């Protein structure tokens, strides 16, 4: 949960919309939380990735992998226990991950 809190704090530095977090801790051994957010431009998406990289270095956690770079419409950042999905514009509706994860507990961000 500490990693998730740090990731949310870091993402809040960027200009993202509709930030949602789903709790899969008791469902899969691969990761505990899925974060989904939307950005308006690919530059904003890369800013989120840059913030996560900087924060990982400062706070001694690692990024396993980053999928989708540059002008990609979907960037996935694998932080181990936390998976961050960054969608550009309407691309989020295309993949509809919110519907896929809707069966899981949604974490309120003011917690």
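Every number in this text was worked out from the coordinates using simple rules, so none of it is lab data. Note that this is a predicted model, so its numbers are computed, not measured. Ideal geometry is used to build each Cβ from the backbone, glycine not excepted, and the neighbour counts take in all protein chains shown.
Taking the numbered list (1) touching a helix residue (DSSP H, G or I) at 6+ places or on another chain (Cβ under 8 Å); (2) over 25 Å from residue 96 (Cβ atoms) in turn, residue 16 passes all entries but (2). Which ones in the range 1-35 are over 26 Å from residue 93 (Cβ atoms) and part of a loop (DSSP other than H, G, I, E, B)? 1, 25, 26, 29, listed by residue number. The set of residues in the range 86-102 that are closer than 13 Å to residue 34 by Cβ, surrounded by fewer than 21 Cβ atoms within 10 Å (Cβ to Cβ) and within 13 Å of the chain's Cα centre (by Cα) comprises 97, 98.
Counting the residues of the range 2-30 that are surrounded by fewer than 16 Cβ atoms within 10 Å (Cβ to Cβ), touching a residue at least 24 places away in the same chain (Cβ under 8 Å) and in contact with a strand residue (DSSP E or B) (Cβ under 9 Å, 6 or more places away or on another chain) gives 3.
Just need a number here: residues in the range 41-53 that are touching a residue at least 24 places away in the same chain (Cβ under 8 Å) and more than 23 Å from residue 100 (Cβ to Cβ). Residues in the range 41-53 being touching a residue at least 24 places away in the same chain (Cβ under 8 Å) and more than 23 Å from residue 100 (Cβ to Cβ): 6 in total. For the range 56-101, filtering for residues that are in a loop (DSSP other than H, G, I, E, B), free of Cβ contacts under 8 Å to residues at least 40 places away in the same chain and farther than 20 Å from residue 42 by Cβ leaves 4.
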